[in-house]
Amino acid sequence: MAALTVDLTRLPQSTREAIRRSLGDKNVAKLAIAKANQMRLAKLYRQGVGPGQGPTIGPLDTVIDPYLQSYFSRTCDAREMVWDDPEFIAWLKKNEPDMAVPHQTTKTQVGYRNA
């Protein structure tokens, strides 16, 4: 069960009830937490890669929370094979902007120049 650390008393009663219902279901609660983690992952990745530098772990096009990866593997028709489908990955990057990360190239200097 998720623990909320925010005061929700200012929200309308219907909104509070919707939050309580959705967080009462473990899968829905885990999905909500995974989406929040996904937003944090995307933010960390975007802040860590500056102009002209590539990621230190190799070029990435997407970053995804492990729960969301298993969620798509369970809910899509192709199951685990969904990750081999380039159309799905393109759809995911287009429809879920927090999963797409900017693809930066690394500046490479070849040779030596005496100034």
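Since residue 111 meets every condition but one in (1) farther than 18 Å from residue 39 by Cα; (2) at pLDDT 80 or above, which condition does it not meet?
(2)
If residue 4 meets every condition in (1) modelled with pLDDT of 80 or more; (2) not in a helix (DSSP H, G or I) apart from one, which number is that one?
So residue 4 meets the others, but not (1).
Quick one: in segment 44-70, which of the residues that are part of a helix (DSSP H, G or I) and modelled with pLDDT under 85 is surrounded by the fewest Cβ atoms within 10 Å (Cβ to Cβ)?
Looking at residues that are part of a helix (DSSP H, G or I) and modelled with pLDDT under 85, I get 47.
Would you confirm whether or not segment 72-79 contains a residue that is surrounded by 13 or more Cβ atoms within 10 Å (Cβ to Cβ), out of contact with any helix residue (DSSP H, G or I) (no Cβ under 7 Å at 6 or more places or on another chain) and at pLDDT below 80?
no
The values are calculated or read from the model by the stated rules, or taken from the named source; none is laboratory data. Because the structure is predicted, anything quoted here is derived from the model rather than measured. Here the Cβ is made from the backbone with ideal geometry for all residues, glycine too, and neighbour counts use every protein chain on show.
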